[in-house]
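As structure tokens, the structure follows; a few thoughts come after it.
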Amino acid sequence: MLLLVSGGAPGVAESAPKEPDNRIANITELTGEVMVRQQMKWKPVSKAPVPLYSGDKVVTQKGRASIKFRDGSHVDMDLDSNVKIAEKKKTTGMIFKKQVRERTVKVSLGKVWFKVNKTKGTKNTMKTPTMVAAIRGSLELVNVGLGGITQSKKIEGDIEETGIFKPFTGGFKLPNMRTPSNNLPPSNPQFSNSPLQRGAVQATQTQSLATKFPFAVNAVPRTGAPLSTIQKFANGQSDVVKGEQSQNSANGAALKEQLAEGNLFKEPETIAAANQGLNKVESTKSTLNNRLKETETAAKNAAETKDPLVALTNALIGATNANAAQTGNQAIKVQLNLVEAKSSGDGSAVKVAEKMVKVAEENNQAAQNTAKNVGKLGKLAGNATSDAGRKALLNAAKAGNNTAKAANSATQSAGKVANSANEDAGAAGKAATNVEGAAKLVKESASLSNNAAKAAGTAATSNNPKVQAAGVQATKASANSTAATGNAVKSQGKAAELTTKGASAKAIEKANAEATKATTKAGESSKQTESALKGVKAGNVDAATKANTNSQTTLKETEKAVGKPGGKPGEQPGKPGQPGGKPGEEGKPPPKAEGTPPPKPGAANAPGTPNEIVGNILAAPGVEEALAKGETEIQKTLSSDSQ
């Protein structure tokens, strides 16, 4: 099944926009069927401009695209073409150091023109499976057929070619980007059915299917929220996990596309990393099935109780599992970046990406273990006979969700750093230190939430008033401490992002100072809370109360590191403009949920929205039927894949 995206009239942009981020180029013109792998996510595009980053890929079928770099150099792609672009910053010279930019255009298939504007400090290279060309202020045409067979033609300027290739004897007229899609020649079936092109289509299709699910865990209802609101939230967490199951399939398809490229270019390390990623996709299927069962059980428990505390405990169990599910997929995305680093052949980028893969795996393990431990609280909450016991279990569930959120956040930061290494490995290497620090915080948070769950169980099954009171106070402290740790994790991620985006030294220094302070404060609070949790069994109320009081202060202090508005001591504010919540909770959910899926394909579209693109996907044979089967059929497919 092939993906057809008909853009109607060609999309045109007269000039590339200003670069507000680390993009290296834009698609400035396109017509017909064009797909983009943008920062490791595939999507169809029909309108320019489309921002492109180092390591991004553009694929055409019955379509054409023109890519313009910041210095005016551009790549024009004809039908059935597959191109990856990359830029790396490197410092050269022993005494007189200077920074150079190495730009690579990697052509896997199709007829491609590369026009270079000679720019000081920029080295331009075009690669095919059999040829490498150094291009200096010139225009080069390559025509790459199946199996990487390359034809080359120097149209003008200075070009140095090495490898195996044949001269191109055909015409060299640039492709017309303004030809309406319905007037373009048909795609070549042999090309469109090649492993590489088919892989791009499948990755785009599966990613499009994943977008129909909620993609974020919304704010947890506050204590005191209506029971129906809590139950609705609990019921929605399974949809988030189902979305992650679909995203896992999309990640698998993206890895298969990378594997096809590795095979074409005969890159053994790329092939090994892609296969390693595919193994992770398979193991994640089983994990996601477990997360789905837990969220469905939690939703059922929440629906069957009339006690808001029990319902909210189960809602938090669902949210913990949803965050853990997302962490698993984030870890695979880090692996996708490692595959890309291997493909680039940049040893420094590989080193950073390997560190980030290790960090992501540690975070994922912490998240999955936390979800497993928190899941046990639901049954205890349903059987608890004291109000104090139910409160302790609720607090422990908050701590677990805070830990899973922190793991998710830390793993996203790992992915961003790994991705940035493909452009500037030096900056990414510095940022990796922040991400490694965040991983240590996640590990501490996982230990704390696990012990909180044990202490809550002790309080819930005890008839001793002191044990119950100590359990409530100590678990409150754990909810606050894990929330503070989450803030410290975000502050480390913020510092890492500023480093990779080349912020000023002053801004980076300030962010690192804030991250260090938040990390220290969170660590001190966690240590004190751990001690208080150990004293629950002995009914040490004083130690637990003191830990809770201090954790409230710490939470408020760490909020400054991530720019959150202040609240009353012990409250964790919601999003800007929302009232603060009670200790360890989030604020009220916004009027419109973050995870609201996009309008259905074919709906009326505002200019520039992706719905027109998605609507065009329905023109492909079998795609409309696949979507029409709905969520049930998708889940059957996902379930059968995991067998």
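The values are calculated or read from the model by the stated rules, or taken from the named source; none is laboratory data. Owing to the predicted nature of the structure, the values given are computational and were not obtained by experimental measurement. Here the Cβ is made from the backbone with ideal geometry for all residues, glycine too, and neighbour counts use every protein chain on show. Accessible surface areas use protein heavy atoms only, side chains included; no ligands, DNA or RNA. Shrake-Rupley method; radii C 1.70, N 1.55, O 1.52, S 1.80 Å.
Structure data summary
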{"quantity": "Any pair with Cβ under 8 angstrom, 6 or more apart, that starts in the stretch 224-241 at a residue that is over 19 Å from Lys391 (Cβ atoms) and modelled with pLDDT of 95 or more and ends at one that is buried (at least 18 other Cβ atoms within 10 Å of the Cβ) and basic (Lys, Arg)", "calculated": "Val241/Arg291"}
{"quantity": "Unique match (being at pLDDT 90 or above, open to solvent by 60 Å² or more (accessible area, probe 1.4 Å), in contact with a strand residue (DSSP E or B) (Cβ under 7 Å, 6 or more places away or on another chain) and basic (Lys, Arg)) among Lys118, Lys127", "calculated": "Lys127"}
{"quantity": "Scope the stretch 155-186; condition out of contact with any Asp or Glu (no Cβ under 6 Å at 6 or more places or on another chain) and assigned to a strand (DSSP E or B); matching residues", "calculated": "Ile155, Glu156, Gly157, Asp158, Glu160, Glu161, Thr162, Gly163, Lys166, Pro167"}
{"quantity": "Selected residue (criterion: nearest to Ser286 (Cα to Cα)) from residues of the stretch 249-259 that are open to solvent by less than 20 Å² (accessible area, probe 1.4 Å) and of a type in the set (A, V, I, L, M, F, W, C)", "calculated": "Ala250"}
{"quantity": "Test: residue in the stretch 510-521 that is under 30 Å from Asn22 (Cβ atoms), in contact (Cβ under 8 Å) with a residue 12 or more places away in the chain and charged (D, E, K, R)", "calculated": "yes"}
{"quantity": "Residue satisfying all of: in the stretch 149-163; crowded, with 18+ Cβ neighbours inside 10 Å and at pLDDT 90 or above; nearest to the chain's Cα centre (by Cα) among these", "calculated": "Thr150"}
{"quantity": "Where Pro49 falls short, out of the listed (1) free of Cβ contacts under 8 Å to residues at least 40 places away in the same chain; (2) crowded, with 23+ Cβ neighbours inside 10 Å; (3) under 29 Å from the mean Cα position of the chain (by Cα)", "calculated": "(2)"}
{"quantity": "Matching residues, the stretch 339-359, being among the small types (Gly, Ala, Ser) and not in a loop (DSSP other than H, G, I, E, B)", "calculated": "Ala341, Ser343, Ser344, Gly347, Ser348, Ala349, Ala353"}
{"quantity": "Conditions (1) among the small types (Gly, Ala, Ser); (2) outside any strand (DSSP E or B); (3) more than 20 Å from Leu174 (Cβ to Cβ): number failed by Gly72", "calculated": "(3)"}
{"quantity": "From Ala503, Ala496, Ala469, Ala507, residue being open to solvent by less than 20 Å² (accessible area, probe 1.4 Å) and either assigned to a helix (DSSP H, G or I) or closer than 24 Å to Ala353 by Cα (or both)", "calculated": "Ala496"}
{"quantity": "Residue match in the stretch 94-108 (condition: part of a loop (DSSP other than H, G, I, E, B) and surrounded by 15 or more Cβ atoms within 10 Å (Cβ to Cβ))", "calculated": "no"}
{"quantity": "Unique residue being among the polar types (S, T, N, Q), modelled with pLDDT under 95 and buried (at least 24 other Cβ atoms within 10 Å of the Cβ) when the list is Ser81, Ser54", "calculated": "Ser54"}
{"quantity": "Which listed residue is at pLDDT 95 or above and open to solvent by less than 10 Å² (accessible area, probe 1.4 Å), from Val350, Val339", "calculated": "Val339"}
{"quantity": "Scan of the stretch 18-46 for residues that are more than 19 Å from Ala203 (Cα to Cα) and either assigned to a strand (DSSP E or B) or modelled with pLDDT of 95 or more (or both), ordered by number", "calculated": "Ala25, Asn26, Ile27, Thr28, Glu29, Leu30, Thr31"}
{"quantity": "Enumeration of residues in the stretch 449-466 that are within 9 Å of Ala392 (Cβ to Cβ) and open to solvent by less than 40 Å² (accessible area, probe 1.4 Å)", "calculated": "Ala452, Ala455, Ala456, Gly457, Ala459, Ala460"}
{"quantity": "Residue within the stretch 262-279 that is open to solvent by 30 Å² or more (accessible area, probe 1.4 Å) and within 30 Å of Ala315 (Cβ to Cβ) present", "calculated": "no"}
{"quantity": "Residue list for the stretch 290-307, restricted to those being touching a Leu at 6+ places or on another chain (Cβ under 9 Å), open to solvent by less than 60 Å² (accessible area, probe 1.4 Å) and either at pLDDT below 95 or not hydroxyl-bearing (Ser, Thr, Tyr) (or both)", "calculated": "Ala298, Ala302, Asp307"}
{"quantity": "Residues being more than 18 Å from Lys127 (Cβ to Cβ) and open to solvent by 100 Å² or more (accessible area, probe 1.4 Å) - total across the stretch 164-175", "calculated": "3"}
{"quantity": "All positions within the stretch 105-120 that are farther than 13 Å from Leu139 by Cβ and polar (S, T, N, Q)", "calculated": "Ser108, Thr119"}
{"quantity": "Selected residue [polar (S, T, N, Q), under 17 Å from the mean Cα position of the chain (by Cα) and open to solvent by less than 50 Å² (accessible area, probe 1.4 Å)] from Ser246, Ser181, Ser238", "calculated": "Ser246"}
{"quantity": "Among (1) open to solvent by less than 20 Å² (accessible area, probe 1.4 Å); (2) among the aliphatic types (A, V, I, L, M); (3) over 27 Å from Asn193 (Cβ atoms), the one test that Ala210 misses", "calculated": "(3)"}
{"quantity": "Number of the exception - Glu140 against (1) in contact with a strand residue (DSSP E or B) (Cβ under 9 Å, 6 or more places away or on another chain); (2) surrounded by fewer than 20 Cβ atoms within 10 Å (Cβ to Cβ); (3) modelled with pLDDT under 90", "calculated": "(2)"}
{"quantity": "Close pairs from the stretch 155-173: first farther than 18 Å from Val75 by Cα and among the hydrophobic types (A, V, I, L, M, F, W, C), partner part of a strand (DSSP E or B) and open to solvent by 50 Å² or more (accessible area, probe 1.4 Å), Cβ under 7 Å, at least 6 apart", "calculated": "Phe165/Gln151"}
{"quantity": "Qualifying residues in the stretch 383-437 (those that are part of a loop (DSSP other than H, G, I, E, B) and in contact (Cβ under 8 Å) with a residue 12 or more places away in the chain) - the one surrounded by the fewest Cβ atoms within 10 Å (Cβ to Cβ)", "calculated": "Ser386"}
